1. Using label points projected 7 Å from each Cα along Cα→Cβ, tell me how many nm separate residue 255 and residue 273, to one decimal.
2. Subtracting the Cα-Cα distance from 0.36 nm times the residue separation, let me have the gained length for residue 55 to residue 282 in nm, one decimal.
3. When the helix-only estimate is applied to the chain (DSSP H runs of n ≥ 4, each -39,500 (n - 2.57), divided by the residue count), what is the mean residue ellipticity at 222 nm, nearest 500 deg cm²/dmol?
4. Using packing as a proxy for protection, rank 289-298, 247-256 so that the peptide with the highest average count of other Cβ atoms within 10 Å comes first.
5. With N residues in segment 35-83, what two-decimal value do you get for its Cα radius of gyration over 2.2 N^0.38 Å?
6. Where in segment 217-232 does the label zone of residue 1 land, with the point 7 angstrom along Cα→C-beta and an amide N cut-off under 19 Å?
7. Given R₀ = 35 Å, what would the calculated FRET efficiency be for residue 110 paired with residue 209, taking r from the Cβ atoms and rounding to 0.05?
8. Starting from the Cα of residue 162, step 7 Å toward the Cβ, then list every residue of segment 235-269 with an amide N under 17 Å from that point.
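Nothing in this text is a laboratory measurement; each read-out follows from the coordinates by a stated rule. Predicted model only: the values in this text are computed from it and were never measured. Here the Cβ positions follow ideal geometry from the backbone for every residue, glycine too, while neighbour counts run over all protein chains shown.
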């Protein structure tokens, strides 16, 4: 068996330098983000993967991450147990306004990186009347080799639904462009593709459903998180609403081709050990901050993963 995981780790920043004045803005945007809180955050994230290892008998062989700020935080993370410096890092800095990126961690004993790049999308570039094109968070693309199998991996963190969802057109644009790229590389049923991330949309939203099909309406990707969402399994919450923005989509080769990796099942890792200590928020992620109030938790998202049979 092998596991592939995705986790939005909620603002993993290096400690902020002490501001000269109390009113000075900080790099992280967090309140009193110091060395102690940073080290606790690293311990918390590492502990999540220790729990996944205890439940499954292994760590994920690849892990997509979002809301990480810079490569140094990843280097500090993989030095800790249970990673023990055995995991490599694929990361590129993007021009995100909040200074957060996506990244891939991988077991160097199992995975070889063939190629990687950051895909930058210029929203409005197709409209000649727009003078200043807006950049969005980069999508991380990696081609990896597992045993003799090559896998194309896309890791995304789409713009949020804040401020009356003014970012909806950006999400639609990014997913449309991603769909084009995925269809371009999937020239036969043997090609293996993983698309994962925080899509800021649920599995039943039209943009997310559309990416599963080609231009002839043939299904090219499967989204096992559609079933989990129908079963009210959630990775995040907004007020009273449960959300499953964190998803992993797979090409049909993981279902049809049983030579190496075959899809087994999917899970939202909502362990009580990483859930809120507050009875009012029972069953929700134990987050690091609530507004400006420091709680000292893990993240405002639960991690998700898929299990593969290793044949």
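1. Rounded to a tenth, the inter-label distance reads 3.3 nm.
2. Details: separation 227, 0.36 × 227 = 81.72 nm, distance 2.11 nm.
Full extension of this stretch gives 79.6 nm more.
3. Details: 7 runs with 67 residues, N = 311.
Value at 222 nm, helices only, nearest 500: -6000 deg cm²/dmol.
4. Values: 289-298: 14.1, 247-256: 20.6.
The most tightly packed comes first, giving 247-256, 289-298.
5. Values: Rg = 11.1 Å, N = 49, 2.2 N^0.38 = 9.7 Å.
Compactness ratio reported: 1.15.
6. Only 224-225, 228 fall inside the zone, counting backbone N under 19 Å.
7. On the way: r = 32 Å, r/R0 = 0.92.
Between residue 110 and residue 209 the formula returns 0.60.
8. The answer is 237-239.
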